Amino acid sequence: MAEKKRSTPQLDELEKGSWPSFVKEIKTAAEKNPMANDLLGQLERSYEDKISHWKHGGIVGVLGYGGGIIGRYSDLPEEFPNVSHFHTIRINQPAGWFYTSDVLRKLCDIWEKHGSGLTNMHGSTGDLVFLGTKTDELEPTFNELTDLGFDLGGSGSDVRTPSCCCGMARCEWACYDTMALTYFLTMHYQDELHRPAFPYKWKFKMSGCPNDCVAAIARSDMSIIGTWRDDIQVDEAAVTEYAKSGVDIQKDVVGNCPAKCMEWDGKKIKIDNKACVKCMHCINAMPKALAPGKDRGACILIGAKAPIVEGALLSSVLIPFIKLVPPYKELTDLVEKIHELWAENGKNRERVGEFIQRIGMGNFLEAIGVEPTPEMVAHPRENPYVFYEEYFEEDSEDNKNA
Amino acid sequence: MPEVQPKQKRKTDIGPPHYEKFLPPIIKENYGKWKYHEVLKPGVMVTVSETGARLYTVRAGSPRLLSIDKIRAYADLADKYCNGYLRFTSRHNVEFLLTDESKIDPLIRALDALGHPVGGMANSISSIVHTQGWVHCHSSATDASGVVKAVMDDLILYFTEMKLPAKLRIALACCLNMCGAVHCSDIAILGIHRRPPKVNRDRLKATCEIPSVVSACPTAAVRPVTVDGQPSVEVIEERCMFCANCFTVCPAMPINDPLNDGVSIWVGGKVSNARSEPMFSKLAIPFIPNNPPRWPEVVEAVRNLVEVWARNARKYERMGEWINRIGWPRFFEMTGIPFEKVHIDDFKHAGTTFKRSTHLTY
C-alpha cells in the first residue's frame with residue numbers, strides 16, 4: 001500500500017517542459033512503491049537544502065561477492081524510513097545493450113517485487129542499474145537475477161563491467177567483433193569482476209573504430225579501439241554520387257583530412273594510404289563510398305581515467321595493432337602481466353595510468369615485456385634528465401676489453 | 001547458532017546472458033556484413049547489408065532514470081512495432097530495431113505520445129550523459145537529473161533536428177569523480193565543491209584509517225595531528241582544491257556545503273579521433289551557484305555556448321576544433337565569458353598550458 005502523496009513543489013517544476021521528466025518516472029513508481037515515495041520526499045528536501053541527503057557508503061553485498069552492490073543510506077532515516085537503506089544493484093548488461101521485450105519485462109517483475117521500481121538504463125560504466133532497495137532484499141533479488149541468467153557487475157577496486165559499442169551487430173565500421181570480445185573478457189574475468197583485489201578499479205572498453213562511441217580512450221584503463229592497416233576501400237561510383245548530390249568533396253572531405261593524404265580532381269579521389277592516420281573523417285562523411293580497409297584489428301591503449309586522484313588522463317598507445325580473434329590469448333597474456341605488476345606495485349587508489357606515470361612508461365614496458373616503439377609517444381622526451389641505470393668505471397673490465 | 005536451511009544451489013559467477021539471445025534475426029543474419037548506413041531523418045537511420053537487408057533504427061531520448069512502468073511501455077512498443085527487439089545506447093537513448101519501414105512513422109507518433117522525443121543522431125545534441133546527483137549520490141555537489149532536464153528542455157530542438165555544424169556532446173558529472181566521460185565533452189557541466197572538508201574527530205577515530213586519509217590527498221593538504229592526546233588529521237586549507245578524495249576514503253571529512261557547492265562549465269573536449277585527436281574539455285565558466293529547481297543560469301550559459309559555436313563553426317567542426325581555429329581570446333570575446341585568474345592552470349605541468357608563441361590575433 002502506497003503512502004500518502006508528498007508535496008513536492010520544487011520537483012513539480014521539473015515535470016514541465018518537453019524533455020522526458022525523471023520526476024514523472026519517480027512519481028509513477030511512487031504511486032505503488034513506498035521506497036520511491038520516500039525518495040521523492042528526500043529529493044524534494046535536497047532541492048530545498050541544496051545538498052545531498054545520502055550518507056557516505058557502507059559495505060553491503062551478496063554472499064561471496066565483493067562488488068556489484070553500492071551501499072546507500074539516508075541521513076534523514078526518521079523522516080524517510082523507506083529509504084533508510086536504499087542500495088544500488090549493478091547488473092552486468094548484455095554486450096551492446098541489446099534486449100528483448102520479454103527479458104526486460106522479467107527484469108521489471110523482479111524489481112517490482114524486490115525494490116523501488118526505479119532503474120537507470122544504464123549507469124555510466126554500462127551496467128543496468130536497479131536503483132534502491134533494502135539490505136534484506138539483496139540476496140533474494142540476486143537469486144532471481146541469476147535464475148533469469150543475469151549476474152552482478154563490478155564496483156570498487158575490481159574489474160568493472162566491460163562495455164562496448166554495437167560493433168558488427170549494426171555498424172559497418174566495426175574493425176573487430178566488439179561484442180564477442182566484451183562477452184569473452186567479461187566471462188574470462190568473472191572472479192576479478194566480482195572480488196575486488198586490485199589497487200583500484202580497472203575498466204575495459206571496446207570500440208569498433210576510431211570514432212570511439214563508448215569513449216574508451218577517455219575512461220578505460222584498457223581502451224581497445226578498432227582500426228585497420230591496409231587501404232581505405234573506395235567505391236568510385238558512390239563517390240561520384242556524393243559529388244553529384246552536392247557534397248563539396250574538396251572542402252568538406254579532403255579539406256578536413258588531418259594527414260593531408262587525399263586529393264580530389266573533381267572526378268576521382270586519390271588516397272596516400274601510407275600517410276593516412278585512420279581518423280575516420282572521410283569515411284564518416286561518405287559512408288556509402290568509403291570504408292575501413294580489410295586488414296582489420298585494433299589498437300590497444302592504456303591508462304585513461306577521470307581526475308581523481310592525480311588528474312585526468314587519456315589512454316596512450318600500448319600495442320599499435322593487434323588482430324583480435326578467439327581465443328584472444330595474446331591479449332589476455334598482456335592483461336595478466338599488467339595486472340600482476342600493478343596489483344603488486346600500485347598504491348591504494350592508484351589507477352594503472354597513474355601507476356605508469358609514477359614508475360615511468362619505459363619501466364612499465366620493460367616490466368611487462370613490451371618493446372618501446374615510436375607509435376607510443378606524441379614525440380620523444382624534451383628534457384635531458386635520463387635515468388641511466390649503468391655507467392662505466394675507469395678500470396672496469398668493459399673498458400679494458402674495448 | 002541458527003541451523004542453515006538446505007536450499008537450492010546458489011548460482012554465482014555466471015556472467016551476463018550471451019548477447020545473441022537478444023539479437024533480432026536480421027542482425028544475426030547480417031552480423032559483420034553491414035555495408036553502409038544513412039540517417040534518413042532526425043532519429044531514424046537505415047543500416048544496409050551487403051545482402052540488401054535493411055535494418056531501421058529509431059532512436060528516442062530518455063531521462064536515464066526510468067520506472068519499470070516506462071520500461072514495460074518500451075517493451076510494448078517493441079512488441080507492436082519491431083517483434084520485441086530494442087537496445088539502449090552509450091548515451092542513455094533507447095533504440096527500436098525495425099525491419100518494416102512502414103512502421104517507422106507510427107512508432108515515432110507512439111513515442112511522442114509517450115513523451116519521448118525521437119532524434120539525437122548526426123549533427124544534433126544527443127542525450128546528456130550524466131551521473132546520479134542528489135537522487136542517489138553522497139558526494140554530489142549539484143543534482144544531475146534536474147540540471148539535465150532543464151538544459152534539455154531548453155535545447156530539445158537541437159535533439160529533434162539536425163541543424164548544427166557537427167555533433168555536440170554534453171555531459172554532466174555531479175562531482176570531480178566524474179562517473180562518465182565528462183572530461184572529454186564538447187560541453188561538460190561539472191559539480192564542484194569550494195569549501196575544504198571539516199574534520200569530524202569523533203567519527204574519524206571510529207571509522208577511518210589516518211594514514212589512508214593522509215595519503216588520499218594529492219596536494220598533501222591533509223596532515224596527521226594529535227588533538228587532546230588523540231590521533232586525528234587537520235586540513236591545510238590553502239592547499240585544498242576540493243577534490244574530495246579524502247571524503248571518499250573517510251566519511252568523517254564531509255565536504256558538501258550548500259553555500260559553496262555549485263556548477264562549473266567546461267568546453268571543447270572530444271573522444272572521437274575524427275579529424276583532430278581526442279581532447280580534454282577546458283574551463284569556460286568557473287562557478288555558477290546551485291539554483292534549483294531549474295538552474296536558469298546554467299541553462300542560459302549552455303545555450304549561449306551552443307549558439308555562439310553553431311553560428312560560427314564550420315561544417316564538421318566540433319566545439320574544440322572551432323576554438324582551436326579561432327583561439328581562446330576570441331572564444332572568450334565571442335561568448336562574453338570573462339577570463340579570470342582561475343582559468344590559468346596551476347596544478348602539475350601547468351606550464352604546458354601557457355601560450356608559448358606569438359601566434360595571437362589582434
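Numerical summary
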| read-out | value |
| --- | --- |
| Enumeration of residues in segment B:90-128 that are surrounded by 17 or more Cβ atoms within 10 Å (Cβ to Cβ) and either part of a strand (DSSP E or B) or among the acidic types (Asp, Glu) (or both) | B:VAL94, B:GLU95, B:PHE96, B:LEU97, B:LEU98, B:VAL118, B:ILE125 |
| A:TYR65 vs. criteria outside any loop (DSSP other than H, G, I, E, B) and either within 8 Å of chain B (Cβ to nearest Cβ) or buried (at least 23 other Cβ atoms within 10 Å of the Cβ) (or both) | no |
| Subset of segment A:99-125 (residues that are more than 7 Å from chain B (Cβ to nearest Cβ) and without any contact (Cβ under 8 Å) to a residue 60 or more places away in the chain) | A:LYS106, A:LEU107, A:ASP109, A:ILE110, A:LYS113, A:HIS114, A:GLY123 |
| Residue list for segment B:281-332, filter: more than 14 Å from every other protein chain (Cβ to nearest Cβ), more than 30 Å from A:LYS50 (Cβ to Cβ) and surrounded by fewer than 22 Cβ atoms within 10 Å (Cβ to Cβ) | B:ALA310, B:ARG311, B:ASN312, B:ILE326, B:GLY327, B:TRP328, B:PRO329, B:ARG330 |
| Any hit, segment B:138-149, residues being under 19 Å from B:VAL94 (Cα atoms) and out of contact with any helix residue (DSSP H, G or I) (no Cβ under 7 Å at 6 or more places or on another chain) | yes |
| Filter pass, A:LYS305 being crowded, with 18+ Cβ neighbours inside 10 Å and among the basic types (Lys, Arg) | yes |
| Residues that are closer than 29 Å to B:LYS33 by Cβ, surrounded by 17 or more Cβ atoms within 10 Å (Cβ to Cβ) and free of Cβ contacts under 8 Å to residues at least 60 places away in the same chain, drawn from segment A:262-302 | A:MET262, A:ILE269, A:ILE271, A:CYS276, A:HIS281, A:CYS282, A:ALA285, A:MET286, A:LYS288, A:ALA289, A:LEU290 |
| Scope segment A:144-180; condition hydroxyl-bearing (Ser, Thr, Tyr), buried (at least 24 other Cβ atoms within 10 Å of the Cβ) and assigned to a helix (DSSP H, G or I); matching residues | A:THR178 |
| Unmet requirement for A:PRO20, which otherwise passes all of (1) more than 9 Å from every other protein chain (Cβ to nearest Cβ); (2) assigned to a loop (DSSP other than H, G, I, E, B) | (1) |
| The listed residue being in contact with a strand residue (DSSP E or B) (Cβ under 9 Å, 6 or more places away or on another chain) and more than 10 Å from chain A (Cβ to nearest Cβ), out of B:ILE128, B:ILE108 | B:ILE108 |
| Selected residue [within 13 Å of chain A (Cβ to nearest Cβ) and under 28 Å from A:ALA218 (Cα atoms)] from B:CYS208, B:CYS240, B:CYS184 | B:CYS184 |
| Breaking point among (1) part of a helix (DSSP H, G or I); (2) more than 9 Å from every other protein chain (Cβ to nearest Cβ), for B:LEU77 | (2) |
| Extreme residue, surrounded by the fewest Cβ atoms within 10 Å (Cβ to Cβ), among residues of segment A:8-35 that are among the small types (Gly, Ala, Ser) and touching a residue at least 24 places away in the same chain (Cβ under 8 Å) | A:ALA30 |
| Any hit, segment B:256-268, residues being among the aliphatic types (A, V, I, L, M), more than 28 Å from the chain's Cα centre (by Cα) and either modelled with pLDDT under 95 or outside any helix (DSSP H, G or I) (or both) | no |
| Any hit, segment A:127-140, residues being polar (S, T, N, Q), over 17 Å from B:LYS21 (Cα atoms) and in a loop (DSSP other than H, G, I, E, B) | yes |
| Segments classed as strands (runs of 3 or more DSSP E), wholly inside segment B:156-227, with at least 3 members that are without any contact (Cβ under 8 Å) to a residue 40 or more places away in the chain | B:222-227 |
| Identity of the residue in segment B:228-271, polar (S, T, N, Q) and in contact (Cβ under 8 Å) with a residue 40 or more places away in the chain, that ends up surrounded by the most Cβ atoms within 10 Å (Cβ to Cβ) | B:ASN256 |
| Members of segment A:186-225 that are small (Gly, Ala, Ser) and part of a loop (DSSP other than H, G, I, E, B) | A:ALA197, A:GLY208, A:ALA215, A:SER220 |
| Any pair with Cβ under 7 angstrom, 6 or more apart, that starts in segment A:39-51 at a residue that is at the interface with another protein chain (Cβ under 7 Å from one of its Cβ atoms) and farther than 12 Å from A:ILE26 by Cα and ends at one that is in a helix (DSSP H, G or I) and of a type in the set (S, T, N, Q) | A:TYR47/A:GLN10 |
| Elements of type strands (runs of 3 or more DSSP E) contained in segment A:246-346, each with 3 or more residues being over 18 Å from A:GLU172 (Cβ atoms), over 24 Å from the mean Cα position of the chain (by Cα) and of a type outside the set (Val, Ile, Thr) | A:262-264 |
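Per-residue answers, yes or no, for (1) touching a helix residue (DSSP H, G or I) at 6+ places or on another chain (Cβ under 6 Å); (2) surrounded by fewer than 18 Cβ atoms within 10 Å (Cβ to Cβ); (3) farther than 21 Å from B:MET152 by Cα:
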{"site": "B:TYR36", "(1), (2), (3)": "no, no, yes"}
{"site": "B:VAL46", "(1), (2), (3)": "no, yes, yes"}
{"site": "B:GLU50", "(1), (2), (3)": "no, yes, yes"}
{"site": "B:SER62", "(1), (2), (3)": "no, no, no"}
{"site": "B:ALA75", "(1), (2), (3)": "yes, no, yes"}
{"site": "B:ASP79", "(1), (2), (3)": "yes, yes, yes"}
{"site": "B:CYS82", "(1), (2), (3)": "no, no, yes"}
{"site": "B:PHE88", "(1), (2), (3)": "yes, no, no"}
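Per-residue answers, yes or no, for (1) under 27 Å from the mean Cα position of the chain (by Cα); (2) touching a residue at least 40 places away in the same chain (Cβ under 8 Å); (3) closer than 23 Å to A:CYS213 by Cβ:
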residue: B:ARG59; (1), (2), (3): yes, yes, yes
residue: B:ASP69; (1), (2), (3): yes, no, no
residue: B:GLY84; (1), (2), (3): no, no, no
residue: B:HIS92; (1), (2), (3): yes, no, yes
residue: B:PRO106; (1), (2), (3): no, no, no
residue: B:LEU114; (1), (2), (3): yes, yes, no
residue: B:ASN123; (1), (2), (3): yes, yes, yes
residue: B:THR142; (1), (2), (3): yes, yes, no
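Table: residues versus (1) within 10 Å of chain A (Cβ to nearest Cβ); (2) acidic (Asp, Glu).
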residue	(1), (2)
B:HIS37	yes, no
B:ARG54	no, no
B:THR57	yes, no
B:GLU95	yes, yes
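This table checks each residue for (1) within 7 Å of another protein chain (Cβ to nearest Cβ); (2) within 21 Å of B:LEU259 (Cβ to Cβ); (3) of a type in the set (Ser, Thr, Tyr).
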| residue | (1), (2), (3) |
| --- | --- |
| B:HIS136 | yes, no, no |
| B:ALA144 | no, yes, no |
| B:LEU164 | no, no, no |
| B:ALA171 | no, no, no |
| B:CYS174 | no, yes, no |
| B:ILE189 | no, yes, no |
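The values are calculated or read from the model by the stated rules, or taken from the named source; none is laboratory data. Remember, predicted model here, so these are calculated numbers, not experimental data. Please note: Cβ atoms are built from the backbone with ideal geometry, for glycine as well, and neighbour counts cover all protein chains shown.
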